[in-house]
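Participant: The structure is given below, and queries will be raised subsequently.
Laboratory data are not the source of any read-out in this text; all were calculated from the coordinates shown. Quantities reported herein were computed from a predicted structural model and do not represent experimental measurements. Note that each Cβ is placed from the backbone with ideal geometry, even for glycine, and that neighbours are counted across all protein chains shown.
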Amino acid sequence: MVIVKRKQLSLFERLYLPEIFRGLGVTMRAIFRRKITRQYPEEPLVTNAVTRGQPRLVVNEDDTIRCVSCGLCEIACPAYAITIDGQETERFIEREPERFDIDMLRCILCGFCEEACPKDAILMSNELELADTSRQALIYDIEKLKRPVSSLQDRLDYVYKLNNRWQNSSSTS
Amino acid sequence: MTKIFIDGREVEADPKQPLVHALHKEGEDVPTYCYHPGLSPVGSCRICQVEVKQGDMPARVVVACRTPVSEGMQVFANSPKAHEVRRECLEFLLKNHPLDCPICDKAGECDLQDFSFNEGQSFSRTVEPRRKLDKRKSLGDVILLDEERCILCSRCVRFMEEVPKTPQLTVSGLAARSTISTFMDRPLTGNYQGNLADVCPVGALTLKSFRFQARVWNLKPTASTCGECSRGCSVIHEVLRSDELKRTRPRENQQVNGWWMCDTGRFAIDKHELEGRLTGAHLHGNHGLKATKTEEALELASNMLALHGPPVIVASPWLTQEEGTLLVELAQSLGTKAHFFSPAANGLADDLLHTGDPAPNRRGLTELGLEPIESEALLESLMEAKSALLVGERIIDLIGEDQLQTLPAALRLIICDLKSVSAPALNACFGIHSCVERRGTWINVDGQRGRISMCRPAPAGTLELENLLRSLTSGTRAPASA
């Protein structure tokens, strides 16, 4: 048990009204300061290329998926959120995913999948909102994850920049 | 034994084996592509080069797979010179090797990938385009060849010549356009084609049935024994996502199968499907089979066997030694003899591995005192008997569903198998574990013990045969002791 000693109030404090006006003064000053709160649902979040949102699969201009289902994101994922099954395709790359599920409830947005991907096929998009009414609906399948490459171009350029920086620093050391 | 020095350490080496064998035995990580312990060495890939000094001669670089060991030889497997020549050799091998690893099925168990990860450089010094060859060349029903990935080690050519002794592959073409091909582009034949995918050190020869099925690092391997013939090859079953049996490959066992296995056993994974499995205990009533509590069904079954005896007891040759022992006990308590079904030879016998006898534990069950019984003799005795117990996986398929349907309804038939059968004689059936879901021992045709192990969890509700047999034995004994 802790015995808390109440602070002895001075006469000025016990007068009550001066302290009220002092508090109102703080409020009045804040009214004229620059506002930093954001009206979130009405006002969308500001995102840029560095934003690490939910992972998305890149679809090329010719409507083919970039992913070759090599399974590196699956094994890199620390939350075991990704499940991939491959299948044969007639295209040059020979294999494409038949099933590509990301359990968005498990995903911790760490970006390891993007880092592991040898084909730049999975990228952290700027999509941050995630709400639904069932758990099953939040296991995103391949159709929900596909995004055209144009919408992810900023992130792609940023990833290239990062990789180049890494390559240059390692070759000089 | 010959005395040699590996990096200054004095070791004993087998003079009949090449130097690389001694290096591997001492744990030296010398890479090999064309060398395979089960094939004759040719020294074509040059990746196993080490520095060797003998007597007063200056040290020289040799390929370890073509160099015999000699007394007092000094080997430097990790000298700077040895590493340098291996790295140069690797650069040549990788010069035309496609950057296919994300797609390649071999990635993760590829010797070339492992060694270039350990030792190679991460950039290429060439700017010229790599050679373009056929990436999907079919070599028969089993094997697919990717010519671009091939490093021309010729292991596959030598395997076909030396192991099944049916030379079908050759290196054709010149220089950089050399490819592996069959004579006159005929498809490969024989029961040992699957081994080509195992001997290939890169992803050039791959199994068609395993193509893009799984990434190898996601597979959980379990050492087990093949159950497709009485040879009982040591195998590794590989399971994806806890219950999908994806691949079977041979495990080195010099007493039984060496490094190889036949395609019959390799592609037997289809026989271990989970669909249509019988789970739990069922009793046959007026409206067909009805799921029952296991205890109830066991009590009824043991009463049936005890009262309408002596029953005919027939085991499937897939029964393990442990289960066989329990079955013999059960038969003794019922005052009868246990038999095992002896399937006819399936005509797949060859002089390499396959014995042609589809019963994996014939020798073991015979040693336990079970008597082999042929199909006709079994049906005759079933016609006359009052009750019968058929035990073990595949026993329904072995006897034949049609034959079981012809049995008289007066017979009280109890079956423990992976599936059920609609026969008028059937009174009770129990769903049991298959040979990839239980532990046990088989004894092969030469008397070698082979362990079978749990590669995947049994489907929920299936019963352990050992427990069933124990319960039946105690159930049949109970009235006698009371």
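Participant: Once a ≥ b ≥ c are taken as the square roots of the eigenvalues of the Cα gyration tensor of region A:55-166, is the result rounded (a/c under 1.5), prolate (a/b larger than b/c) or oblate (a/b not larger than b/c)?
Facilitator: rounded
Participant: Measuring from a point 7 Å past the Cα of B:Asp270 along Cα-to-C-beta, which residues in region B:210-237 have an amide N at less than 16 Å?
Facilitator: B:210-211, B:228
Participant: Give the percent of DSSP beta bridges with both residues in region A:55-166 that are antiparallel, rounded to the nearest 5.
Facilitator: That works out to approximately 80 percent antiparallel.
Participant: Then there is this: For B:Asp29 and A:Ile93, FRET efficiency with R0 = 30 Å and r from the beta-carbon atoms, rounded to 0.05?
Facilitator: The calculated FRET efficiency here is 0.35.
Participant: Fewest first, what order do B:Ile103, A:Ile93 take by the number of other Cβ atoms within 10 Å?
Facilitator: Least to most surrounded, the residues fall as A:Ile93, B:Ile103.
Participant: Can you list the lysines whose alpha carbon sits under 21 Å from that of B:Lys290, skipping same-chain ones fewer than 8 residues off?
Facilitator: Qualifying lysines at Cα under 21 Å: B:Lys419.
Participant: OK, next. Within a 10 angstrom radius of each residue's Cβ in B:105-115, how many Cβ atoms of other chains show up on average? Whole number is fine.
Facilitator: 1
Participant: Over all residues in B:211-224, what is the mean tally of Cβ atoms on other chains that come within 10 Å of each residue's Cβ?
Facilitator: The per-residue average across the peptide is 3.
Participant: How high is the FRET efficiency between B:Ala223 and B:Asp185 when r is their beta carbon distance and R₀ equals 30 Å, given to the nearest 0.05?
Facilitator: 0.20
Participant: Filter the GluC sites (Glu not before Pro) in region B:215-293 to those in DSSP coil with at most 16 other Cβ atoms within 10 Å of their Cβ, and list the result.
Facilitator: Here the GluC sites (Glu not before Pro) that fit, given the DSSP loop and packing criteria, are B:Glu252, B:Glu273, B:Glu275.
Participant: Oh, and also: Once you've got the GNM for chain A with C-alpha springs shorter than 10 Å, pick whichever of A:Glu127, A:Glu13, A:Glu61 has the biggest mean-square fluctuation.
Facilitator: Maximum fluctuation in the GNM of chain A, among the listed residues, is at A:Glu13.
Participant: Please go through the residue pairs B:Lys137/B:Lys246; B:Lys25/B:Lys165; A:Lys7/A:Lys35; B:Lys135/B:Lys220; A:Lys119/B:Lys271 and name each one whose alpha carbons sit more than 31 Å apart in this structure.
Facilitator: A:Lys7/A:Lys35; A:Lys119/B:Lys271
Participant: Can you figure out the FRET efficiency of B:Arg177 with B:Asp446, using R₀ = 45 Å and their beta-carbon distance, to the nearest 0.05?
Facilitator: Efficiency, from the Cβ-Cβ distance: 0.45.
Participant: To continue, here is another question. Please say if region A:1-56 is rounded, prolate or oblate, where rounded means a/c under 1.5 for a ≥ b ≥ c the square roots of the C-alpha gyration tensor eigenvalues, and otherwise the choice is prolate for a/b larger than b/c and oblate otherwise?
Facilitator: Oblate shape, in that a/c is at least 1.5 and b/c is the bigger or equal ratio.
Participant: Now for a different question. By the 4.7 Å beta carbon criterion, which cysteine residues of chain A come out unpaired?
Facilitator: Unpaired cysteines in chain A: A:Cys67, A:Cys70, A:Cys77, A:Cys107, A:Cys110, A:Cys117.
Participant: For the modelled label position 7 Å from the Cα of A:Ala116 along Cα-to-Cβ, which residues of region A:61-98 have backbone nitrogen atoms closer than 16 Å?
Facilitator: A:67-86, A:97
Participant: Does the protein assembly as shown classify as rounded, prolate or oblate by the C-alpha gyration tensor (a ≥ b ≥ c root eigenvalues; a/c under 1.5 gives rounded; else a/b over b/c gives prolate, otherwise oblate)?
Facilitator: Note, shape of the protein assembly as shown comes out oblate.
Participant: Under 19 Å Cα to Cα from B:Lys337, which aspartates and glutamates show up? Leave out anything in the same chain fewer than 8 places away.
Facilitator: B:Glu322, B:Glu323, B:Glu329, B:Glu367, B:Glu371, B:Glu374, B:Glu376, B:Glu380, B:Glu384, B:Glu466
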